[in-house]
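Data block below; observations after.
The values are calculated or read from the model by the stated rules, or taken from the named source; none is laboratory data. Please read all numbers here as calculations on a predicted model, not as lab measurements. Backbone-built Cβ (ideal geometry, glycine too); neighbour counts: all protein chains shown.
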Amino acid sequence: MPAPLRFLPLFAVALAVRLGTVVLGSCLAVLPPDPFTDPATPTRFRGEMRSGAARPIEPWYRFDALWLANVGRNGYAAAEDSGGRLGVAFLPAAPAVFALADAVGVNPFWAVLLAANLAGAAGAAVLARVAARVTGDADVGPRAFVLLLAFPTAFFLSAPYNEAFGLLFTALAMAAWLDRKAVGSAVWAGLGSLARMTGVAVGVAAVAGWVCGDRTRAGFWRAAVVAAGSFAGLAAFWAYLGWAVGDPLAGLRSQAAWGRRGFSVWNPWHALESVWDPDVPHWGEAAVVVGFVVLGVRAWARRGAFWGVLALVPVGQMVMSGTFLSGHRLVLAALPAFVELADVLRNRLLFRTTVVGFAAAQLVLLNRYVHWVWAG
């Protein structure tokens, strides 16, 4: 077993990358083309930011980020626009930070952005340590770390979205699982499911790990505790929606307004159809997802069911939504796939070429994002 990678140096490097990405995005936003105003977003937040202390980071509040701020400021019952009460679609990790900062008199826009960057940096560092441990190769950890930071949609780990919180909590749940700390893994997995719907993958993976591997009584209780904790976060959120808006499944029912479908056994077929959607084709997202499916299968074969299922559940959730929309952002939740990719890319030239390609694509997508062009 390799010596553990040190957390603080990894965290310092990742935080420098995250904050550098914030600065780069804000600088790109002032370059042509001029950003257009998206009429579907709450304009009151843009006005508040442009006239206050948060003006330098206004370019980071695009698309879902403004909806998360809307929920944080107004609560789930009042987070709506002309399309209706659509804020219920968003999980509460980032909105909770926004609301807490608002309550104590701290600028909430800065608070959420900084919290996301700290969480993204810490999550990347924890993942690197997990990668080295699960593969037994100290070199795989830094490679997984770099691949995650360079990945085309990794700039969302610097955005005031829920992605960075999901990364941190899921990585911590993975680390606790490796340490055989069921309660710790359950707690982190529960918090992960308050950040991203994909957070429940930890619980599903724990059950799969018992069914396909550790069939002992101790293994059963370990899997049961982690699964219960993983689903508890989502259950608590649904219970809160039931109290706040009168419908615990309001978030699921609102997905149609965001380009997704209600539950149907035909949704995998509709997801395939979305690849060739004449209005917004998703062939790029589909190609990325297929690659991550292959890596997830490899994780299952080489590391066990827990690791493979943890990579594949986020993909399965997306396919069951009936579209590949945002697929290249959703795969950020398939953390074991980054471990496998790092293990595959042992050739130094191939690894460096991949990192450069990832980083170049990330720059393009970041520029699109700050200019109000859909980037995931």
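General remarks:
- The residue that is nearest to the chain's Cα centre (by Cα), counting only those in region 1-60 that are crowded, with 18+ Cβ neighbours inside 10 Å and at pLDDT below 70, is THR41.
- The combined condition, being surrounded by fewer than 18 Cβ atoms within 10 Å (Cβ to Cβ), within 19 Å of the chain's Cα centre (by Cα) and under 28 Å from VAL134 (Cα atoms), is not fulfilled by GLY327.
- Any hit, region 127-145, residues being over 30 Å from PRO108 (Cβ atoms), charged (D, E, K, R) and in contact with a Gly (Cβ under 9 Å, 6 or more places away or on another chain): yes
- Residues considered: PRO142, PRO152, PRO95. Of these, the only one that is assigned to a loop (DSSP other than H, G, I, E, B) and not hydrophobic (A, V, I, L, M, F, W, C) is PRO152.
- If you go through region 208-223 and pick out every residue that is in contact with a helix residue (DSSP H, G or I) (Cβ under 8 Å, 6 or more places away or on another chain) and surrounded by fewer than 19 Cβ atoms within 10 Å (Cβ to Cβ), you end up with 7.
- Of all residues in region 60-89, those being in a loop (DSSP other than H, G, I, E, B) and β-branched (Val, Ile, Thr) number 0.
- Criterion applied to TRP300, TRP374 was being surrounded by fewer than 20 Cβ atoms within 10 Å (Cβ to Cβ) and among the aromatic types (Phe, Trp, Tyr), and the one residue passing it is TRP374.
- Verdict on PHE237 being within 22 Å of the chain's Cα centre (by Cα), surrounded by 15 or more Cβ atoms within 10 Å (Cβ to Cβ) and without any contact (Cβ under 8 Å) to a residue 60 or more places away in the chain: no
- Selection from region 317-364 of residues that are more than 19 Å from ASN267 (Cβ to Cβ), aromatic (Phe, Trp, Tyr) and not assigned by TED's automatic domain parsing to the domain that holds PHE151: PHE338
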